[in-house]
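The values are calculated or read from the model by the stated rules, or taken from the named source; none is laboratory data. This structure is a prediction, so every number in the text was calculated from the model and none was measured. Here the Cβ positions follow ideal geometry from the backbone for every residue, glycine too, while neighbour counts run over all protein chains shown.
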There are 2 protein chains.
Amino acid sequence: MSFKLIHRDKSTKARLGTIRTAHGEINTPIFMPVATQGSIKTISNRELDESGVEIVLGNAYHLYLRPGPDIIGKAGGLHKFMGWSRPILTDSGGYQVFSLAGLRKVKVEGVEFQSHIDGSKHTFTPEKVIEIQGVLGSDIMMPLDECVHYPASRDYVEKSLEITTGWACRSKNVFNEVRSTKDEGRLLFGIVQGSTYLDLRKEAIERLLKIGFDGYAIGGVSVGEPRGLMREITGRAASLLPEEKPRYLMGVGTPCDMLESIAMGIDMFDCVVPTRNGRNGQAFTWSGELQLRNSNFKEDLSPIDEKCGCYTCKTYARAYIRHLFNAGELLGLRLVSLHNLHFYVKLIEASRKAINEDKFAAFKQKFTEDYTISNVKH
Amino acid sequence: MSFKLIHRDKSTKARLGTIRTAHGEINTPIFMPVATQGSIKTISNRELDESGVEIVLGNAYHLYLRPGPDIIGKAGGLHKFMGWSRPILTDSGGYQVFSLAGLRKVKVEGVEFQSHIDGSKHTFTPEKVIEIQGVLGSDIMMPLDECVHYPASRDYVEKSLEITTGWACRSKNVFNEVRSTKDEGRLLFGIVQGSTYLDLRKEAIERLLKIGFDGYAIGGVSVGEPRGLMREITGRAASLLPEEKPRYLMGVGTPCDMLESIAMGIDMFDCVVPTRNGRNGQAFTWSGELQLRNSNFKEDLSPIDEKCGCYTCKTYARAYIRHLFNAGELLGLRLVSLHNLHFYVKLIEASRKAINEDKFAAFKQKFTEDYTISNVKH
């Protein structure tokens, strides 16, 4: 068993656990920053270490196209290529392939698509995607799936789910072969699709459980549906997933979304928000969000967040960071991205502590109040 | 005396010294990285410290326009604004103002110009430029001057020099007033202009010496003139400048240019090359320059420079850095800028050591051979 359930919060469905991988254990709940192309944008590995990041997320689609599995394979895998020795989860790239509207063709066998970089033609089958992730040396692999966008008709979702479930089964088969010849403690998760149809989500879970995976991800959320609906799907799916496996909510989310989801029993998150919004000048703090480009910060000599211990907050003032954005200095993108990553990690660490003390409900409520009262944009 | 001459190399005219400033001593020869807008592009203060950077260079023109002296003054000066506690030299912005062809008008009183940012009209007088640098809290100030571009007619240069010399005198007067009310150990340098006319350079030096400055800069070089001519001007000017004052060659240069100039008795350098070229994928190494975007690095798992101890070289391989540039990842710009800064600092540190051992001529020759033999582009 790679997942160990350590403690259940008495005030919510939140839980503490660990996942053992080929590159060490990670603690859950966990936030995984996104290194789509093998780099957390603007951030060095040392900064990830210092921020307490335990695992990063790569993307098989992007890395397959550039630099290509050959180059990463020759480097000895993605860990060595990017100089990162802790765990890596790789997304299959299903989301990316299915975002290429007009450029891709889905068949039962797999999906044909054209590269977003140079228009070259490629085919992803579930088998190929696992093989690519094998070359990358991912600690946690994700199978090829169709991430259905919102809204989608029931008919479309039913057909898509049929394909996705078949692909999940084939992914497991090829993963078993890889594992049988070389067991390096690698893990494969299943991905629950079904869009906003709760009965289809339930059916998806039942079929995935029959195949059997090391963990279960909830996909196809945070794709444009109302926040309430996202939370309903998350809660329902989490309640149907087995206690003894980790639950990963893909692509989520904002600080409040993460806490709500942890309360429903979600263990893992990934999201580009801390770095993408950071590059846009938006900072996350314990008392809400700040747009640092705003002119009200031009003479503000306080750090982004008085409560924060990150390098940015220990060294630079808001007025300086605003100036960097105003003057087009890349250091600004870097400093806010670093702060945001640090904030996300510390928020999750604080969540773990609250769970351990059976106080997660109160923690979540207090955080949400502090966060939203002064929030400019939430 | 702020400048202390510690040792003269027996094999060249190179010299070792220290300059005492309001924010501590710096060792000469020295390379000063350029923080035009108050930021060494993509690099954090911690990285500057770790690279051994002792002083950075800001620009009065840029900082006057954005964020403006008011904001920096309210922060307590540029050191506090940018979170940098070691010395800062500020260039007057003469070079920038005189680069605004068509947008500026020179009078004896000062120069009218339009902002390159929003077209707003401004006037710089020598007095105003010193006052701005006073607000910035610069350790070493530079007077307003006209940096004449190459080529320029003798007639033009003579008239320009007349204005520049008058401005130098007025700068000194206002600087004396500032210093008399509040002596914080700030220094003012004079700038030798005169384009490629050696007799005018000589005249400029004589007139500046009569005014008297804490150090002397050679300006108007590296503006398009042939390299041989630049070296001739540098050598001649250096030989005419007093032994007991530091000599600063503005805007220079490449590794080999710096070593040649040190051999002529130059003490200080600034240049955007390590960071600008770094953002372009060009790395400086002890065995020459590398363009890391080249496809021959795509499977190269060695660091940029085996001999380098910088964070980039200790952590990342050429193949990874090439991928970052190829994929448009900002981390690439950062990693090569950091490596280049580190290289420049270590090159100057090694130069100091060689001077101390009276072996600078041999050191320079060996470096230049190693550097140029394998050089792709030099």
_I'm told A:Phe98 meets every condition in (1) in contact with a helix residue (DSSP H, G or I) (Cβ under 7 Å, 6 or more places away or on another chain); (2) at negative phi except one. Can you identify the failing condition by its number?_
(1)
*Within the range B:16-34, identify whether any single residue is touching a residue at least 24 places away in the same chain (Cβ under 8 Å), within 14 Å of chain A (Cβ to nearest Cβ) and within 18 Å of the chain's Cα centre (by Cα), and answer yes or no.*
yes
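Matching residues to (1) assigned by TED's automatic domain parsing to the domain that holds B:Ile88; (2) basic (Lys, Arg); (3) touching a residue at least 12 places away in the same chain (Cβ under 8 Å); (4) within 25 Å of B:Val135 (Cα to Cα):
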| position | (1), (2), (3), (4) |
| --- | --- |
| B:Asp155 | yes, no, no, no |
| B:Thr164 | yes, no, yes, yes |
| B:Cys169 | yes, no, yes, yes |
| B:Val178 | yes, no, yes, yes |
| B:Lys182 | yes, yes, no, yes |
| B:Ile191 | yes, no, yes, yes |
| B:Arg201 | yes, yes, yes, no |
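Restricting attention to the range B:335-363, and to residues there that are of a type in the set (S, T, N, Q) and either touching a strand residue (DSSP E or B) at 6+ places or on another chain (Cβ under 7 Å) or outside any helix (DSSP H, G or I) (or both), which single residue is surrounded by the fewest Cβ atoms within 10 Å (Cβ to Cβ)?
Of the residues in the range B:335-363, the ones of a type in the set (S, T, N, Q) are B:337, B:340, B:351, B:356.
Those still in the list that are either touching a strand residue (DSSP E or B) at 6+ places or on another chain (Cβ under 7 Å) or outside any helix (DSSP H, G or I) (or both) too: B:340, B:356.
On the way: B:Asn340: 28, B:Asn356: 14.
For the range B:335-363, the residue satisfying everything is B:Asn356.
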*Odd one out for A:Glu357, checked against (1) closer than 24 Å to B:Trp84 by Cβ; (2) more than 11 Å from chain B (Cβ to nearest Cβ)*: (1)
*Go through (1) part of a strand (DSSP E or B); (2) within 14 Å of chain A (Cβ to nearest Cβ); (3) β-branched (Val, Ile, Thr) one by one and return the number of the condition B:Ile6 breaks.*
(2)
*What number of residues within the range B:169-203 are within 16 Å of B:Gly219 (Cβ to Cβ) and either touching a His at 6+ places or on another chain (Cβ under 8 Å) or among the polar types (S, T, N, Q) (or both)?*
4
*asked:* Cβ-Cβ under 7 Å, sequence separation 6+ or interchain: first residue in the range A:57-82 and touching a residue at least 12 places away in the same chain (Cβ under 8 Å) and within 13 Å of A:Ile132 (Cβ to Cβ), partner of a type in the set (S, T, N, Q) and assigned to a strand (DSSP E or B). Which pairs?
replied: A:Gly58/A:Thr90; A:Asn59/A:Thr90; A:Ala60/A:Thr90
*Quick check: is even one residue across the range B:291-303 under 19 Å from B:Thr368 (Cα atoms) and either surrounded by 23 or more Cβ atoms within 10 Å (Cβ to Cβ) or at pLDDT below 95 (or both)?*
no
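Of the residues B:Gly332, B:Gly328, only one is within 14 Å of chain A (Cβ to nearest Cβ) and outside any helix (DSSP H, G or I); which?
Details: B:Gly332 fails: outside any helix (DSSP H, G or I).
Going through B:Gly332, B:Gly328 in turn, just one is within 14 Å of chain A (Cβ to nearest Cβ) and outside any helix (DSSP H, G or I): B:Gly328.
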*Do you know which residues across the range B:70-90 are more than 8 Å from chain A (Cβ to nearest Cβ) and touching an Asp or Glu at 6+ places or on another chain (Cβ under 8 Å)?*
B:Arg86, B:Pro87, B:Ile88, B:Leu89
*the range B:221-252, subset out of contact with any Gly (no Cβ under 7 Å at 6 or more places or on another chain) and on the phi > 0 side of the Ramachandran plot, residue modelled with the lowest pLDDT*: B:Gly224
